[in-house]
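Working notes, beginning with the structure itself.
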Amino acid sequence: MSWLTYACQHLPGVTVIAVGGDLDATNAGRLESFIDESRQRPDDHLVFDMTEVCFLDSSGLRVLLNAYTHCVRHGGSIRLAALRPMPARMVQITRIDAHLPVHATVEEALTIVLAPPAPAPGNDDSAA
């Protein structure tokens, strides 16, 4: 069985999940359970700190996509941060990055997630 570590940190509206090791068929179910237990609210945004993930297979991608589906259904989002070359290549060749934005650092992902929403076009109250 491959080793896998995970931990979470809660920020207002965001759960950061740090993952380490090999994310594969032998342990993907454990991570999926941890994600479900870690969410404070269904509409929380999730940022996955992938700094320590050495290997990622299709089972790991399935877990990330399941989390994405749940988040989007409830108004949240998912971002991946700090991917190593092998997992980054897997995300790129499967085109998962079209749904799961990838950021160079956790800080970069958090900056985007925590930024206040831009005003909708045409709703400029200062032009009155």
>> Every residue in the stretch 102-116 that is in contact (Cβ under 8 Å) with a residue 24 or more places away in the chain and open to solvent by less than 60 Å² (accessible area, probe 1.4 Å), please.
In response: His103, Thr105, Val106, Ala109, Leu110, Val113
>> Anything in the stretch 12-38 that is more than 14 Å from the chain's Cα centre (by Cα) and over 12 Å from Val53 (Cα atoms)? List them, or say none.
In response: Pro12, Ala25, Thr26, Asn27, Ala28, Gly29, Arg30, Ser33, Glu37
> Out of all the residues in the stretch 48-80, which are surrounded by 14 or more Cβ atoms within 10 Å (Cβ to Cβ) and in a loop (DSSP other than H, G, I, E, B)?
Replying inline: Asp57, Gly76, Ser77
>> Kindly evaluate His45 against the criterion of being in contact with a Leu (Cβ under 9 Å, 6 or more places away or on another chain), of a type outside the set (Phe, Trp, Tyr), touching a residue at least 60 places away in the same chain (Cβ under 8 Å) and open to solvent by 40 Å² or more (accessible area, probe 1.4 Å).
In response: yes
> What do you reckon, is Leu83 open to solvent by less than 70 Å² (accessible area, probe 1.4 Å), closer than 29 Å to Phe55 by Cα, part of a loop (DSSP other than H, G, I, E, B) and at pLDDT 95 or above?
Replying inline: yes
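Which one is least open to solvent (accessible area, probe 1.4 Å) among residues in the stretch 1-37 that are outside any helix (DSSP H, G or I) and among the hydroxyl-bearing types (Ser, Thr, Tyr)? It would help to see each step written out before you state the result.
Taking the stretch 1-37 and keeping what is outside any helix (DSSP H, G or I), we get 1-27.
Narrowing further to those that are among the hydroxyl-bearing types (Ser, Thr, Tyr): 2, 5-6, 15, 26.
Values: Ser2: 30, Thr5: 73, Tyr6: 77, Thr15: 0, Thr26: 69 Å².
Going through the qualifying residues, I end up with Thr15.
Mind listing whichever residues of the stretch 27-48 are closer than 21 Å to Pro87 by Cβ and of a type in the set (Asp, Glu)? Steps first, answer last, please.
At the first step, the residues of the stretch 27-48 found to be closer than 21 Å to Pro87 by Cβ are 27-35, 38, 45-48.
Of everything in the stretch 27-48, just one residue is closer than 21 Å to Pro87 by Cβ and of a type in the set (Asp, Glu), namely Glu32.
The values are calculated or read from the model by the stated rules, or taken from the named source; none is laboratory data. Predicted model only: the values in this text are computed from it and were never measured. Cβ: placed from backbone, ideal geometry, glycine included. Neighbour counts: every protein chain shown. Ligands, DNA and RNA are stripped out before the accessible areas are found, and what is left, the full protein with its side chains, is counted by its heavy atoms. Shrake-Rupley method; radii C 1.70, N 1.55, O 1.52, S 1.80 Å.
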